[in-house]
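Heads up: the structure comes next, in structure tokens.
The values are calculated or read from the model by the stated rules, or taken from the named source; none is laboratory data. All figures in this text were calculated on a predicted structure; none of them were measured in a lab. Reconstructed Cβ throughout: ideal geometry from the backbone, glycine too, with neighbour counts over all protein chains shown.
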């Protein structure tokens with residue numbers, strides 16, 4: 001069983017690259033994994049919301065995980081997302097991902113419709129029990145209400161030793177994160193999602209890391225390290241320069257796919273920004289602005305390298 005302290009810092013979401021015919025671009029996916037390895041990151045996650053997992057068949061979800069595991073070749077941990085509102089399907093995906101060699105399994109709390117917490121507890125408990133020897137990260141993104149309660153998180157932690165990580169995506173969550181860390185005695189590593197938007201606020205209270213898009217992952221890893229080590233001014237200086245790109249792209253998840261892939265193109269890692277339909281079709285103003293903020297990211301990267 002993994003020790004929670006072994007996974008910390010930035011764990012980016014790997015986007016799913018597509019060819020013009022919307023087939024998965026295996027060569028491009030391998031390039032994305034190589035970029036993450038070269039950036040010195042500990043782990044990557046796929047296929048998540050930012051990977052367009054909801055547009056993939058179950059077979060394709062397993063396919064991208066297998067490609068990532070093969071390309072990583074043990075150099076970086078692969079966190080395999082096994083989302084489904086159906087517990088039976090989620091367990092089937094998780095078992096297949098474990099069999100393929102995934103290091104960690106990630107699962108999003110089913111939020112298609114409102115459910116009482118007792119239903120969520122039953123769903124998660126059975127999921128944990130299905131893969132007892134594999135570390136699990138639970139993601140909760142609930143735009144329509146509050147995320148998992150601290151008491152439920154602690155109950156699940158006490159009942160299931162493989163509940164190692166938690167990713168929450170909500171604003172004004174510092175107090176809740178502090179309460180989770182205290183209640184679980186730090187035995188559940190708490191990660192912030194939503195592009196790393198709240199990173200600077202949450203590092204001082206003891207989060208384990210953040211899970212942003214791949215395109216800014218190396219930059220945010222530097223920000224995370226600087227902030228954690230007390231170099232606050234330098235951390236803010238870099239964070240303030242990357243924030244326009246993150247903030248603009250997070251206005252809409254489909255816009256995020258476009259902006260993220262355009263950034264990876266600008267960085268020379270992808271050759272197109274294709275997404276599966278239905279996909280966001282940006283207006284001329286958005287195209288221009290995304291290009292502008294991405295160029296500023298490239299300049300920031302150059303400045304970081306020059307000052308290293």
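Structure notes:
- Hits in segment 33-50 (condition: outside any strand (DSSP E or B), touching a helix residue (DSSP H, G or I) at 6+ places or on another chain (Cβ under 7 Å) and under 29 Å from residue 110 (Cβ atoms)): 33, 36, 41, 47, 49, 50
- Annotation for segment 57-79: at least one member residue is surrounded by 20 or more Cβ atoms within 10 Å (Cβ to Cβ) and under 24 Å from residue 152 (Cβ atoms).
- Hey, residue 182 part of a helix (DSSP H, G or I) and at pLDDT 95 or above or not: yes
- Some residue of segment 13-32 being under 28 Å from residue 181 (Cβ atoms) and part of a helix (DSSP H, G or I): no
- Being outside any loop (DSSP other than H, G, I, E, B), in contact with a strand residue (DSSP E or B) (Cβ under 7 Å, 6 or more places away or on another chain), closer than 29 Å to residue 280 by Cα and touching a residue at least 24 places away in the same chain (Cβ under 8 Å) is true of residue 195.
- When segment 244-281 is filtered for residues that are free of Cβ contacts under 8 Å to residues at least 12 places away in the same chain and either surrounded by 17 or more Cβ atoms within 10 Å (Cβ to Cβ) or in contact with a strand residue (DSSP E or B) (Cβ under 7 Å, 6 or more places away or on another chain) (or both), nothing remains.
- Matching residues in segment 71-85 - criterion: being over 15 Å from the mean Cα position of the chain (by Cα) and in contact (Cβ under 8 Å) with a residue 24 or more places away in the chain: 71, 72, 75, 84, 85
- Only one of 130, 146 that is in contact with a helix residue (DSSP H, G or I) (Cβ under 6 Å, 6 or more places away or on another chain) and over 21 Å from residue 12 (Cα atoms): 130
- Helices (runs of 4 or more DSSP H) (entirely within segment 206-290) containing at least 3 residues that are at pLDDT below 95 and more than 25 Å from residue 20 (Cα to Cα): none
- Residue ID - nearest to residue 106 (Cα to Cα), chosen from residues in segment 72-91 that are touching a strand residue (DSSP E or B) at 6+ places or on another chain (Cβ under 9 Å) and in a helix (DSSP H, G or I): 90
- Criterion (over 23 Å from residue 45 (Cα atoms), out of contact with any strand residue (DSSP E or B) (no Cβ under 6 Å at 6 or more places or on another chain) and touching a residue at least 60 places away in the same chain (Cβ under 8 Å)) met by exactly one of 219, 205, 238: 238
- Restricting 147, 161 to those that are part of a loop (DSSP other than H, G, I, E, B) and buried (at least 17 other Cβ atoms within 10 Å of the Cβ) reduces the list to 147.
- Qualifying positions in segment 1-52 - free of Cβ contacts under 8 Å to residues at least 40 places away in the same chain and more than 18 Å from residue 264 (Cβ to Cβ): 3, 6, 21, 23, 42
- Residue match in segment 95-116 (condition: free of Cβ contacts under 8 Å to residues at least 60 places away in the same chain, in a helix (DSSP H, G or I) and touching a strand residue (DSSP E or B) at 6+ places or on another chain (Cβ under 7 Å)): yes
- Of all the listed residues (73, 159, 100), the sole one being modelled with pLDDT of 95 or more and more than 24 Å from residue 36 (Cβ to Cβ) is 159.
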